[in-house]
Amino acid sequence: MYKLLDLPLAFGPTTNPRATSRHARKTSPGVFFISLFLIATNLVLLFGYLSSVNKQTLRGSEMKQLQSRLSQLEDANNKLNIKISQTANLTSIQSDFLSASFVPAGKEQFLQVNQLTLK
């Protein structure tokens, strides 16, 4: 198992006694720079992934806040509609007039004006 995870070309000779014999491999500087480039690329990709996940999490929390605000506004709208329907009812309007001590008008009388002809 350890043999599969060993990277002798990237990080120098291993401490295995068999590998430290006269046939031990040496790393070239090109392999080291390639492995360093791959590690840096993985780190950049990791930070990019974490930032995108963080951004999506923030958007989700904003959506949840907006949905709760929407439900509050819908409840307030329903309460206002109920209040409007209660106040627009004819019997409630009549009872408001009676409680405000208005007097019924009775029979209407209209003013008739004679038209005089001017010469």
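Every number in this text was worked out from the coordinates using simple rules, so none of it is lab data. This one's a predicted model, so the numbers in the text were calculated from it and none came from an experiment. FYI the Cβ positions are ideal-geometry reconstructions off the backbone, even for glycines, and counts take in every protein chain you see.
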Around ARG69: net Lys/Arg minus Asp/Glu count, Cβ-Cβ under 12 Å: -2
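Compute the whole-percent fraction of alpha carbon pairs in region 53-119 spaced more than 16 Å apart. Before the final figure, lay out the partial values.
Details: 1648 of 2211 pairs.
Percentage above 16 Å: 75.
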